[in-house]
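Take a look at the structure set out below.
The values are calculated or read from the model by the stated rules, or taken from the named source; none is laboratory data. Keep in mind that what you see is a predicted model, and the values were worked out from it rather than measured. Glycine gets a Cβ as well: all are built from the backbone with ideal geometry, and neighbour counts include every protein chain shown. Heads up: the accessible areas ignore ligands, DNA and RNA and are worked out on the full protein's heavy atoms, side chains in. Shrake-Rupley method; radii C 1.70, N 1.55, O 1.52, S 1.80 Å.
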Amino acid sequence: LFDIIANFKTWISNKKNGEYTAYRRLINSAYKKFVVLILITTIPTGIMGVAFSSLIERASQTLLVPGICLVITAILLLISDTRPSGHKKVKKTTYANAAVIGVAQGFATFPGLSRSGTTITACLMLGFDRAYAVKYSFLASLPAILGANILELRHFDAAAVAVGSIAYYFIGMIVAGVVGYICIKLMIYIVRSNKFQYFAYYCAVVGIIAIIAYFVKG
């Protein structure tokens, strides 16, 4: 923020005096670049989530789409198991890479398509280090989940929530944070050990059952 303000002052000074003073470099650390990468990933996800909202809602009302998406998830997980670990981390991750992952995450809003499986596979296909791919996938989900919850606030009835229940929401947030941390550690182990195949088989079986059930019921 301070760098942005300083650059704005420099711009005004350059315009006023007809000079050119070099601007400060805004993205001058791996941490700042990572934040920007996550923001770029969030943009296509948000656009697709809003654009496909009605389609996603209709897709959730049938067994066929979730069944097909589960089979696709199984294929993606098997692909991720066969991909060798890349060497890309924050410094070598491009903004185009971040946008591609955002598109993958956008498609994962369809029922049955695993968000983490889709984004981790996208990361590995782009040459990410396996541990970094898991961390990127998890952190990329936070703005998307937060945005989805904010959109749902329009249906929120504040009068229906007792004051005493607020404490339970905070407890839930803490528990979710602890569980999320454990899940990251577990997911890193699974991805490094190439053990996604077991989840892939499970998704394939459930997906095929859902597809058969759709046609039998129909």
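When you check Val90 against the structure, is it under 23 Å from Ile145 (Cα atoms), assigned to a loop (DSSP other than H, G, I, E, B) and out of contact with any Cys (no Cβ under 9 Å at 6 or more places or on another chain), yes or no?
Judged against the criteria, Val90 is a match.
Enumerate the pairs (first residue in the range 83-107 and in contact (Cβ under 8 Å) with a residue 40 or more places away in the chain; second residue anywhere and of a type in the set (S, T, N, Q)) with beta-carbon separation below 6 Å, excluding pairs fewer than 6 apart on the same chain, so at least 6 apart or on different chains.
Cβ pairs passing all conditions: Ala98/Thr41; Ile101/Thr41; Ile101/Thr119; Gly102/Thr41; Gly102/Thr45; Gln105/Thr45; Gln105/Thr119; Gly106/Thr45.
Going through Ile47, Ile12, Ile38, Ile27 one at a time, which residue ends up being modelled with pLDDT under 90 and in a helix (DSSP H, G or I)?
Result: Ile12 is the single residue among Ile47, Ile12, Ile38, Ile27 that is modelled with pLDDT under 90 and in a helix (DSSP H, G or I).
What residue, of Ile188, Ile208, is modelled with pLDDT of 90 or more, of a type in the set (Val, Ile, Thr), surrounded by fewer than 18 Cβ atoms within 10 Å (Cβ to Cβ) and under 24 Å from Leu76 (Cβ atoms)?
Just one listed residue meets the conditions, Ile208.
Report, by residue number, each residue of the range 93-118 that is in a helix (DSSP H, G or I), hydrophobic (A, V, I, L, M, F, W, C) and open to solvent by less than 30 Å² (accessible area, probe 1.4 Å).
Ala98, Ile101, Ala104
Does any residue of the range 58-66 turn out to be under 21 Å from Phe196 (Cβ atoms) and either surrounded by fewer than 20 Cβ atoms within 10 Å (Cβ to Cβ) or in contact (Cβ under 8 Å) with a residue 60 or more places away in the chain (or both)?
yes
Exactly one of these conditions fails for Thr73: (1) assigned to a loop (DSSP other than H, G, I, E, B); (2) of a type in the set (S, T, N, Q); (3) in contact (Cβ under 8 Å) with a residue 24 or more places away in the chain. Give me its number.
Result: Thr73 passes all but (1).
Which condition number does Thr62 fail, the rest of (1) more than 18 Å from Ile212 (Cβ to Cβ); (2) in contact with a helix residue (DSSP H, G or I) (Cβ under 9 Å, 6 or more places away or on another chain); (3) in a loop (DSSP other than H, G, I, E, B) being met?
The number of the failed condition is (1).
Spot the failing condition for Thr41; the list is (1) open to solvent by 60 Å² or more (accessible area, probe 1.4 Å); (2) in contact (Cβ under 8 Å) with a residue 40 or more places away in the chain, and only one is missed.
So Thr41 meets the others, but not (1).
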